[in-house]
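Asker: What follows is a single structure, and I will ask about it in a moment.
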Amino acid sequence: MKKNTRVGSGAMIVERSTYQRQKLGAILNSDPTTLYTQIHHDNDELSNQRHSNAYAVTPTRSNNNISPLLMSPWNQDTSSPYNKSPWLLTSSTVNFFNNDENNHNNDELENGLIQSLVREEGHIYSLAVSGELLYTGSDSNNIRVWKHMKDYTGFKSRSGLVKTIVVSGEKIFTGHQDGKIRVWKGSHKNPSSYKRVGSLPKFKDYVKSSMNPKNYVEIRPHRNAVKVKHFDAVSSLSLDEEEGLLYSGSWDKTLKVWRVSDSKCVESIQAHDDAVNAVVSALGGHVLTGSADGTVKMWKRESKGKKTKHVLDRILLKQENAVTSLAVNHLSTVVYCGSSDGLVNYWERDEKNNALNHCGVLKGHKLAVLCLAAAGSLVFSGSADKKICVWKREESGAHLCLSVLTGHMGPVKCIAVEEEPHNGVQRWKVYTGSLDKSVKVWRVSEHVPDLKIIDSSPTYDSSPRRSNY
């Protein structure tokens, strides 16, 4: 029986577990306050870990302070197990590959945590980077704007958890839980002011389409809906800047194609048998969709006169586990697919045969892979196990796990990456958003001197190693 999983949009070799996991949809659609407990029950090892807040009440010694708390025997002996507890460590005590303990310049840090961005207003579900601005979406319906890693401004929709964000020039497109795609634009006079300039589809286009019975589709017995509008959560957005097209995937099982210039829906495709969790556009007029029905499909854009139509080109994957995330590299030669079983499948393009060949599986997570991002020769995978694995694709096509980024206290829901070259070294600034209500900013280089775990909070030991196929 297939798992119906909907996703918004250790030692490193982990074999498949035989226990029955709870459906991911039930986890992610549950009360956020119970989310971490549910995930822990799904994994014996994780359930043994405690989210200790002991560091928050650890007293500071002072000769002038004779508080009973300070007279506690736990505070009199520096060899106390309490003082040695790993739960007392903070990110400032961890050495991120940097052997010079006196070097505190973040610009010189090659690999590690730069900063944590926290604003207590909701779980982070979406991220987008454009220039010097970072956009974050949460279940508070807010879109926060960060500039130089500081809270800059924000804007709010009236309803709808913000599941996905893409930026196209001056326009910001946001996909919401209520099935709407909203369009925002910043003010030229006041750059910190944003306002909603429309939605997809436009109201007049929706009304015009609703007048034609041929534009209706059956969404359930005895209920029809206009096909130019999503009637369930918009889970993923992807932009084809060259063609000026925006692709949207929804839990209503459809893939819709929008023309950015006039906000028109030029095509609606009944793409899958279950919720569409991920959409990503690729070069050559292709777009890929991943679904809770366990399939990854590739669609090809064909021009017929003035009209454009997408046809099914091939099915890359059929499996029992839900597909939860997709990514392609910048040349569209490698496709990555994350699943609810914690695995990342990948395919490489065969130019001679015009085919995509399945080349292996990356095993680095214990729970569902909720987000993927590719940059240069690196691939980043974020998971419900609270970790981000950094993989490097070598010239041979094999993938090496360079590092594991840890520190989030909740599932990692979204990743955004921007290039940050420095002294001739290719490095990246990585933003990760989590259901712990925080965004962490990391710096990762493609040339890592030692393979270690990049850690910003205590966790159980794990050793990255080459993945086996």
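Asker: Report, by chain and number, residues whose modeled amide H sits under 5 Å from the one on SER199, excluding near sequence neighbours (fewer than 5 apart, same chain).
Answerer: Residues meeting the criterion, in which the H sits 1.01 Å from N, are VAL183.
Asker: Which value, in Å² rounded to 10, gives the accessible area of GLU320 with a 1.4 Å probe and all protein chains present?
Answerer: We get 100 Å² for GLU320.
Asker: If I stretch the segment between ALA355 and ARG158 completely, what's the gain in nm (0.36 nm per residue apart, minus their alpha carbon distance), one decimal?
Answerer: 66.4 nm
Asker: Which net charge results when you count Lys and Arg as +1 and Asp and Glu as -1 among the other residues whose beta-carbon is under 15 Å from that of ARG349?
Answerer: 0
Asker: Would you mind checking which residues have amide H under 5 Å from HIS310's amide H? H placed 1.01 Å from N; only 5 or more apart, or other chain.
Answerer: Long-range HN contacts for HIS310: GLU302.
Asker: OK, next. Scan around GLY294 for amide H atoms under 5 Å from its own, H built in the peptide plane at 1.01 Å from N, and keep only partners 5 or more places away or cross-chain.
Answerer: Amide H neighbours of GLY294: VAL323.
Asker: Output the Kirkwood hydrodynamic radius of the stretch 191-319, Cα pairs only, in Å rounded to one decimal.
Answerer: Averaging 1/r across every pair of different Cα atoms and inverting gives 15.4 Å.
Asker: Just from the alpha-carbon atoms, what are the Rg and Dmax of the stretch 112-445 in angstroms?
Answerer: In order Rg, Dmax, the Cα atoms of the stretch 112-445 give 19.3, 64 Å.
Asker: Report the paramagnetic label zone for LYS318: residues of the stretch 263-303 whose backbone N is under 16 Å from a point 7 Å from Cα along the Cα-to-Cβ axis.
Answerer: 272-274, 291-298
Asker: I've got another one for you. Among all the lysines, which ones have a C-alpha under 19 Å from LYS147's C-alpha, if same-chain residues fewer than 8 places away are not counted?
Answerer: Those lysines meeting the cut-off are LYS156, LYS171, LYS185, LYS189, LYS195, LYS429, LYS437, LYS440.
Asker: So how long is each side of the stretch 244-322 along the principal axes, counting just the alpha-carbon atoms, biggest first, in Å?
Answerer: 39, 21, 18 Å, listed from the longest principal axis down.
Asker: Could you give the length gained on full extension between SER193 and LYS208, defined as 0.36 nm per residue of separation minus the Cα-Cα distance, in nm?
Answerer: Separation in residues times 0.36 nm, less the Cα-Cα distance, equals 2.2 nm.
Asker: Sorted by accessible area (1.4 Å probe), largest first, how do CYS337, CYS359 line up?
Answerer: These residues rank, largest area first, as CYS359, CYS337.
Asker: Another question about this same structure. Report, in listed order, any pair from LYS227/LYS413; LYS227/LYS253; LYS214/LYS297; LYS208/LYS300 with a Cα-Cα distance greater than 19 Å.
Answerer: Violating the 19 Å limit, Cα to Cα: LYS227/LYS413; LYS214/LYS297; LYS208/LYS300.
The values are calculated or read from the model by the stated rules, or taken from the named source; none is laboratory data. Predicted model only: the values in this text are computed from it and were never measured. Cβ coordinates were reconstructed from backbone atoms using ideal geometry, including for glycine residues, and neighbour counts include every protein chain displayed. Each accessible area value is taken on the protein alone, full model and side chains, heavy atoms only, with ligands, DNA and RNA left out. Shrake-Rupley method; radii C 1.70, N 1.55, O 1.52, S 1.80 Å.
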